[in-house]
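Step one of this worksheet: look at the structure below.
The values are calculated or read from the model by the stated rules, or taken from the named source; none is laboratory data. Quick caveat, the model's predicted, so the values are computed rather than measured. Glycine gets a Cβ as well: all are built from the backbone with ideal geometry, and neighbour counts include every protein chain shown. Only protein heavy atoms, including side chains, enter the accessible area calculation; ligands, DNA and RNA are left aside. Shrake-Rupley method; radii C 1.70, N 1.55, O 1.52, S 1.80 Å.
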Amino acid sequence: MRPLVSVICISFNHASFIEEALKSVFNQTYDNVEVIVLDDGSSDDSQRKIKDVLTGKEIEFIAHSENIGYTKTFNEGLSKAKGEFVVDFALDDVMKPNFIKAGIDRFTNANMVTGIVYSNADYIDDKSKVIGNHNEMLFAKKMIDRPYQGDIFQMILQRYFICTPTMIIRKSVLDRLEGYDESLAYEDFDFWVRSSRYWHYAYLDEVNMQKRKLKTSMSANRYSHWQNDQLTSVLKVCTKAFHLCKSKQEIKALSKRLNYEYRQCLRNNLNDLAEDYIELLKQLGSKRDSASLAVRYISKNFKR
């Protein structure tokens with residue numbers, strides 16, 4: 001029998017997209033699927049939409065009366081998941097019919113150190129029109145020259161390249177990490193850092209997911225003044241990464257990340273937070289056996 005896959009579906013003010021998203025889960029070619037649906041205190045019509053779509057289906061639906069945040073909501077769903085594999089699925093995205101089957105098939109061709117399978121994705125707008133492709137965008141910006149797999153810890157410190165909705169995760173990975181860090185404003189960078197230290201990632205060269213890109217999305221507003229808590233979360237993750245680094249090459253990669261995030265703080269006039277990034281860079285310098293890489297980065301690249 002094929003392994004059970006738990007799809008944790010989370011909504012927050014996604015009323016316009018819920019029917020399309022949930023139906024894409026129900027239309028999967030893979031039939032051993034557990035669906036868990038949560039709404040995190042939406043102020044729109046999301047909860048009614050979910051109830052309508054779930055009518056006649058034996059699927060658990062957890063409706064929050066207040067918003068508690070994505071990480072806590074996901075962990076609540078995770079606590080109920082029984083599958084060997086887990087999918088974190090926001091209810092504004094769309095799965096293509098072969099998404100789960102193709103991902104599980106990729107796991108069968110990977111070694112047991114592999115904890116996560118990810119793939120390419122198309123971007124869609126609020127009308128579900130395809131407006132771009134994840135990998136094509138990364139290649140055009142010269143952010144990567146290929147999709148990375150295996151031990152990706154060093155590369156993930158330097159830049160984002162994984163399309164989060166495409167991940168299928170062994171539940172044992174999430175159990176070992178105790179789910180998402182609920183103190184953070186967003187989950188993916190922290191998950192990538194912590195998981196890639198201990199498990200390999202496998203890449204599937206297919207487009208089986210559509211990620212919705214909206215002007216109101218968290219990623220689109222990452223450096224806006226009203227979401228500065230995300231920059232604070234990045235610092236927390238980088239501090240974790242500091243303690244996980246094992247080589248000079250990894251420390252160098254983390255220094256590049258801190259360099260970038262430091263400049264974002266300065267652009268947003270977050271001077272106190274910028275100083276915290278400087279302090280972590282100094283610690284990186286002392287962690288190296290050779291001359292201080294961090295101090296060189298500060299003197300060469302940081303302009304006040």
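Here are the numbers:
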read-out: Three-way shape label, segment 46-116, alpha-carbon gyration tensor, a/c 1.5; value: prolate
read-out: Whole-percent carbon and sulfur share, accessible surface of segment 86-244, 1.4 Å; value: 51 percent
read-out: Nearest-20 debye value, segment 64-133 charge dipole, Cβ charges on Lys, Arg, Asp, Glu; value: 240 debye
read-out: Accessible surface, per residue, of the chain when the full set of protein chains is kept, probe 1.4 Å, Å²; value: 47 Å²
read-out: Set 96/142; 80/101; 215/252; 51/96 screened for pairs whose C-alpha atoms are more than 25 Å apart; value: 96/142; 215/252
read-out: Virtual spin-label span in nm between residue 54 and residue 146, 7 Å along Cα→Cβ; value: 4.4 nm
read-out: Rg followed by Dmax, in Å, when segment 152-208 is reduced to its Cα trace; value: 11.5, 34
read-out: Rg in Å to one decimal, and Dmax rounded to a whole Å, for segment 81-175 via C-alpha atoms; value: 14.2, 40
read-out: Rounded to the nearest 20 debye, dipole of segment 136-256 from Cβ charges on Lys, Arg, Asp, Glu; value: 360 debye
read-out: Whole-angstrom Cα spans of the chain along principal axes, big to small; value: 65, 43, 36
read-out: Folded to 0 to 90 degrees: helix 229-244 orientation relative to the chain principal axis, Cα; value: 70 degrees
read-out: For segment 117-161, convex hull volume per residue from C-alpha positions, Å³; value: 87 Å³
read-out: Förster radius 30 Å - calculated FRET efficiency between residue 131 and residue 182 (Cβ-Cβ, nearest 0.05); value: 0.40
read-out: Cα-only radius of gyration and Dmax that characterise segment 1-83, units Å; value: 12.5, 41
read-out: Cα-centre dipole for the chain with unit charges at Cβ (Lys and Arg positive, Asp and Glu negative), debye to 20; value: 1560 debye
read-out: Normalised contact order of segment 42-148, rounded percent, pairs of Cα under 8 Å and 6 or more residues apart; value: 10 percent
